[in-house]
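Report on the following structure.
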Amino acid sequence: MKFLFVGTNPENTGAATHFVALAQAMVEAGHEVSAVVYPGGLIANALANSGAKLYPAKFRNVFDLRGYRATFRAARDLQPDWLVGNFGKEYWPLILMSRVLGIPVALFRHRTPPMGRVSGYLVPRLARRFFAVSAHARQAYLERGVPPQRVRVLYNPVNMAWCKPDAQRRSEILHRLGIPQDAIVLGYFGRIHHSKGIFTLLEALDGAMAQESRLHCLWLGHGPDVQPLGESIEAGSFAHRHHMLGWIDDVHPYYSAISMLAFPSIATETFGRVSVEAQAAGAPVLGSHIGGVPETLSPNVTGLLLPPGHAAAWRDAILKMCEAGTREPMGAAARDFVDRHFSTRVIADEFVRILGND
């Protein structure tokens, strides 16, 4: 099949990461892919060597003719079977072009906050396929009146090769950070914001570190609460065992460095790509039982689900995961779980299957 992906969002967002991963998955599956992308943006850079043909453009809004010109040119060159969009600002342009060109459009929604009244009603009905990225998100759309038959679920694909465990890489990263080679390393990869449960996690870590001397924590990410988090860490007793690395463009190497991942959100999450990627690298996950997070792991098999905001429960779970007899079997099961449910191969096949089902 031939796919024209349209995504001119220049920012590094979950929707952008999904756009890249799905486009690459379709290329790897042998499909012909072109993409209309923001020049020099994250998506363009990530797809530069993917095998997809790129057309630079900007879609500021529904009236921006630059985006239309690039998309019409790409459609003329490729003659695609489907148009694919991931970003709200491009929903209406793609629906309009779908009608003009006679090419069906598949749209993905990555957030649960409602669209405007008109878009919320019409977009899922006018798109040939409208996708949620989790069952949790799908249910939110159904509760707002979208007919069940109009919303399909397709999870974020994960490239297993990018997340492959690498013992040498782990050793190099730990050495560079001054972390002992026998350390048990908990990772937090995400936005540094209180809604992500970072202060609950820090409180839990303080309690766990008091009992487990090998426990260290890697904090990867940025956000508005970087300073208060750093100040809280410095005011505690274990500052030397916390390692705040800031924003990392490519986090994949760091999955090999962690022994477990924490996903402690206290606000609803639509899905949780970082949870799936960590498991693909053989790291079990401690995840909040909220929103779409439970869909990203197999409870008590590849990780543990915990009450959001409950520091004592998180402390106990971290200590439990510090035990090799708990952590290692879960890590071994995690990579197989992701390969069966979220690998690019599986998601590409499922995408094609859903597109072909009328």
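The values are calculated or read from the model by the stated rules, or taken from the named source; none is laboratory data. Since the model is a prediction, treat every value here as computed from it, not as a measurement. Here the Cβ positions follow ideal geometry from the backbone for every residue, glycine too, while neighbour counts run over all protein chains shown. Remember, those area values only see protein heavy atoms, side chains included, never the ligands or the DNA or RNA. Shrake-Rupley method; radii C 1.70, N 1.55, O 1.52, S 1.80 Å.
Structure above, values below:
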{"item": "Cα Rg, Dmax (largest Cα-Cα span) when computed across the stretch 206-296, Å", "result": "13.8, 36"}
{"item": "Whole-number D in µm² s⁻¹ for the stretch 33-184, Kirkwood Cα-pair radius fed into Stokes-Einstein, 4 °C, 1.567 mPa s", "result": "72"}
{"item": "Sulfur and carbon atoms: percent of accessible area, the chain [1.4 Å]", "result": "51"}
{"item": "The stretch 30-96 shape via C-alpha gyration tensor axes, a/c threshold 1.5", "result": "oblate"}
{"item": "Longest to shortest principal axis, alpha-carbon extents of the stretch 200-255, angstrom", "result": "33, 24, 18"}
{"item": "Relative contact order computed over the stretch 76-133 (Cα-Cα under 8 Å; 6+ residues apart), in percent", "result": "36"}
{"item": "Cβ-Cβ FRET estimate between Glu231 and Leu122, R0 fixed at 45 Å, reported to 0.05", "result": "0.40"}
{"item": "Accessible surface, the chain, averaged per residue in Å² (probe 1.4 Å)", "result": "42"}
{"item": "Estimated Rh, the stretch 118-200: Kirkwood, alpha-carbon pairs, angstrom", "result": "17.1"}
{"item": "Of every Cα-Cα pair in the stretch 311-355, the percent that sits beyond 13 Å", "result": "67"}
{"item": "Label-to-label distance, nm, for residues given as Phe72 and Arg176 (7 Å Cα→Cβ offset)", "result": "4.8"}
{"item": "Two-decimal ratio, the stretch 230-343, of alpha-carbon radius of gyration to 2.2 N^0.38 Å", "result": "1.06"}
{"item": "Bins of 5 Å from zero: percent of alpha-carbon pairs in the stretch 263-304", "result": "6, 29, 38, 21, 6, 0"}
{"item": "Translational D in µm²/s for the stretch 282-358 (Stokes-Einstein at 4 °C, 1.567 mPa s, Kirkwood Rh from C-alpha pairs)", "result": "94"}
{"item": "Heavy-atom accessible area ranking, 1.4 Å probe, most first, across Lys58, Lys164", "result": "Lys164, Lys58"}
{"item": "Helix 65-78 axis, angle to the chain major axis (alpha carbon atoms, nearest 10°)", "result": "80"}
